[in-house]
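One structure is given below, represented as structure tokens, and several questions about it will come after.
Every number in this text was worked out from the coordinates using simple rules, so none of it is lab data. As the structure is a computational prediction, the values presented were derived from the model and not from experiment. Cβ placement follows ideal geometry from the backbone for every residue including glycine, while neighbour counts extend to all protein chains displayed.
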Amino acid sequence: MSADRLLIRGGRLITLADGQGDPPVGDVLVEGGKIVEIAPNIEAADVEVIDAAHMIVMPGFVDTHRHTWQTCVKYQFADTTPDKYFGGFLPERGPRYRPEDVYIANLLGALNGIDGGVTTLLDWSQIQNTPDHTDQAIQGLMDSGIRAIFGHSIPTIDWASWAIDSQRIHPSDIRRVRETTLSSDDSLVTLAMAGRGPEMAADGTWQADLALARELGIRSSIHMGAFPFNGEKGAISKMHSEGLLGDDLTFIHCCCCHDDEFKMMADHGVTASLGVNVEQNCIGIGDLPFDRLLAVGIEPSLSGDSEPLGASDMFTQMRQAVAYYRSWIGGGHSRVKDAPGFLSSRDALRFATLRGAEANGLAHKIGTLEVGKAADIILIRMTDINLVPTSDPVAAVVYGAHPANVDTVMVQGRVLKRHGKLLGHDLQKLRELAYASQKYVLGDD
């Protein structure tokens, strides 16, 4: 569905805009892909009306870290120890991926995100085996219609030489991508560096990677402190000592980072991304650092991380975030004196929207329902049996809703899901391609 002017009428609005309450019922007028008016009752001519009665109307979710290229092997390693994934799948199966496998996975993964209300996705793509792999990953994102940040990373071929104390500089093909396919920061799909940092790259290499990203004018997303052996490296302290921390960085996980490193992050505007379900499933990764982040004023964003290891939908991440935090604090496990004593459903919803927009450098465009921002909007049915009767819309989204409750999804005013159905894709053909890709990637022939 595409219309230049859309009127979302009569929904329960959750704006998440600072200083604004949520009106009991309201309308949203969209024109040219942007929100142009929010009011209790909008009269407008020459519009396509979307009836939002008995629906929650809110900003789309923002996922700040997903290895989308792995979509076709989802849940394969969810019941195994981490070494089967990190030491087996990545170095052994990653090199088997063909460009078409990456395209299918990225398209399917992005559509899965859209189906669950994700309107923006940072695709952490360490499958740059060839330029064709890169191009097909980007094309899959583009064909889905999602807003995406393509995180250009390393190949899986000769994995150890790229991922363990690597002296290999980030693949130079990122320059081609920046100069051609993803040259604009105003496009629906933009570019970031999915970097390695001091935990994976040798001294001199990680600094060169970061310098390259900054030369190209793009953000960097870096895994930090996952598992004790990485936390012991003090990577954030190393970056701090060299004056290289900045607000163009997002750090992922941070479970085993040193306590003083969180203050370094806060002092330099570094954002954080937590993949709650996968982190809780991944034995030994470390305790989730919600309390240590919040104690220094960093509200983390949320992510689906890796579907081979767990659930990717944002409802799961929000629900588990609140439950984990309340249990952690309530059980007296936190060693941080300034950590908040309570985490609310509205806090979790903000993590999944506005904080994600900030971590992706897009808070000026998305993350809240406000006039002038892009119309990245989702509608959630309150008439579904698991949500009826809804008394608190925010609590309903966080504690009760799931992807099947998402009725409508629009990105920049373009409707990608309506009446609970994805639009514009041959899903049966995609299913067949996904199964064929999975068979090839996991096969021995």
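Comparing Gly88, Gly145, Gly275, which has the greatest mean-square fluctuation in the GNM of the chain with Cα pairs linked when under 10 Å apart?
Most flexible of the set in this elastic network: Gly88.
Evaluate Rg over Rh across the range 135-250, taking Cα atoms for both radii and Kirkwood's formula for Rh. Mind dumping the intermediate values first?
Details: Rg = 14.6 Å, Rh = 14.9 Å.
My calculation puts Rg/Rh at 0.98.
Let me ask something else. Between Leu442 and Glu232, what is 0.36 nm times their sequence separation minus the Cα-Cα distance? Round to one decimal in nm.
In short, 72.2 nm is gained.
With the cut-off at 39 Å, report for the chain the share of all Cα pairs above it, as a whole percent.
Details: 16134 of 98790 pairs.
That fraction is 16 percent.
Let me ask you something else. Using a Förster distance of 25 angstrom, determine the FRET efficiency expected from the C-beta separation of Leu427 and Asp247, and round it to 0.05. Display every interim value, and only then the final one.
Numbers: r = 40 Å, r/R0 = 1.58.
Calculated value: 0.05.
Additional query: Rounded, prolate or oblate for the range 60-121? Axes are the square roots of the Cα gyration tensor eigenvalues, ordered a ≥ b ≥ c, and the cut-off for rounded is a/c under 1.5.
Oblate.
Then there's this: Fewest first, what order do Ser166, Ser161 take by the number of other Cβ atoms within 10 Å?
Ser161, Ser166
A further question on this structure: Which of these, Ser125, Ser345, Ser183, has the largest mean-square fluctuation under a Gaussian network model of the chain (Cα springs below 10 Å)?
Maximum fluctuation in the GNM of the chain, among the listed residues, is at Ser183.
How long is the gain from His333 to Asp165 if the chain were fully straight, where each residue apart is worth 0.36 nm and the alpha carbon distance is subtracted?
Full extension from His333 to Asp165 adds 57.1 nm.
Also, quick follow-up: Which whole-percent values make up P(r) of the range 271-351 when all C-alpha to C-alpha distances are grouped in 10 Å steps starting at zero?
19, 55, 25, 1
Right, next: Leu302's amide H: which non-local residues (gap 5+, or another chain) put their own amide H closer than 5 Å, with H modeled 1.01 Å from N in plane and none for Pro or chain starts?
Close amide H contacts, sequence-distant or interchain: Thr64, Leu274, Gly356.
Okay, moving on. Given the -39500 (n - 2.57) contribution per DSSP H run of 4+ residues, what per-residue ellipticity at 222 nm results for the chain, rounded to the nearest 500 deg cm²/dmol?
On the way: 15 runs with 137 residues, N = 445.
That calculation yields -8500 deg cm²/dmol at 222 nm.
Too long at a 21 Å Cα-Cα cut-off: which of Lys365/Lys421; Lys263/Lys337; Lys34/Lys417; Lys34/Lys365; Lys417/Lys439; Lys84/Lys439?
Details: Lys365/Lys421 26 Å; Lys263/Lys337 14 Å; Lys34/Lys417 18 Å; Lys34/Lys365 9 Å; Lys417/Lys439 29 Å; Lys84/Lys439 18 Å.
Pairs exceeding 21 Å: Lys365/Lys421; Lys417/Lys439.
Residues with amide H under 5 Å of His170's amide H, sequence separation 5 or more or different chain, H placed in the peptide plane at 1.01 Å from N; which?
It is Asp209, by chain and number.
What relative contact order, as a whole-number percentage, does the range 296-378 give when Cα pairs under 8 Å and 6 or more residues apart are counted?
It rounds to 28 percent for the range 296-378.
Further question on the same structure: Determine the shape class of the range 320-421: with a ≥ b ≥ c the square roots of the Cα gyration tensor eigenvalues, call it rounded for a/c under 1.5, and otherwise prolate if a/b is greater than b/c, oblate otherwise.
Oblate is the answer for the range 320-421, as a/c is 1.5 or above yet b/c matches or exceeds a/b.
Still on this structure, I have one more. If neighbour count is taken as other Cβ atoms inside 10 Å, put Trp69, Trp328, Trp162 in order from fewest to most.
Exposure proxy ranking, most exposed first: Trp328, Trp162, Trp69.
Something else about it: With an 8 Å cut-off on Cα pairs and a minimum separation of 6 or more residues, tell me the relative contact order of the chain in percent.
Relative contact order here is 20 percent.
Now for a separate question. Please compute the modelled spin-label separation between Glu37 and His402, points set 7 Å along Cα→Cβ, answer in nm with one decimal.
Each label point lies 7 Å from its Cα, and together they span 4.0 nm.
Output ³J(HN,Hα) for the range 212-223: one whole-Hz value per residue in order, computed from phi by the Karplus curve 6.51 cos²θ - 1.76 cosθ + 1.60 with θ = phi - 60°, and x for Gly and Pro.
5, 4, 6, 4, 7, x, 10, 6, 10, 10, 9, 6
Can I ask one more? Whole-Å semi-axes of the range 1-95's equivalent ellipsoid, largest first, each the root of 5 times a Cα gyration tensor eigenvalue? Walk me through the numbers on the way to the answer.
On the way: eigenvalues 374, 52, 27 Å².
Working from the Cα gyration tensor, I get semi-axes of 43, 16, 12 Å.
Right, something else. Could you calculate the contour length gain from Ala266 to Arg98, that is, 0.36 nm times the residue separation minus the distance between their Cα atoms, to one decimal place in nm?
Stretched out fully, the Ala266 to Arg98 stretch lengthens by 56.4 nm.
If the range 87-158 were replaced by its equivalent ellipsoid, with semi-axes equal to the square roots of 5 times the Cα gyration tensor eigenvalues, what would those be, largest first, whole Å?
22, 12, 10
Determine the shape class of the range 372-445: with a ≥ b ≥ c the square roots of the Cα gyration tensor eigenvalues, call it rounded for a/c under 1.5, and otherwise prolate if a/b is greater than b/c, oblate otherwise. Show your work: numbers first, answer last.
Values: a/c = 2.73, a/b = 1.78, b/c = 1.53.
Here the range 372-445 falls in the prolate category.
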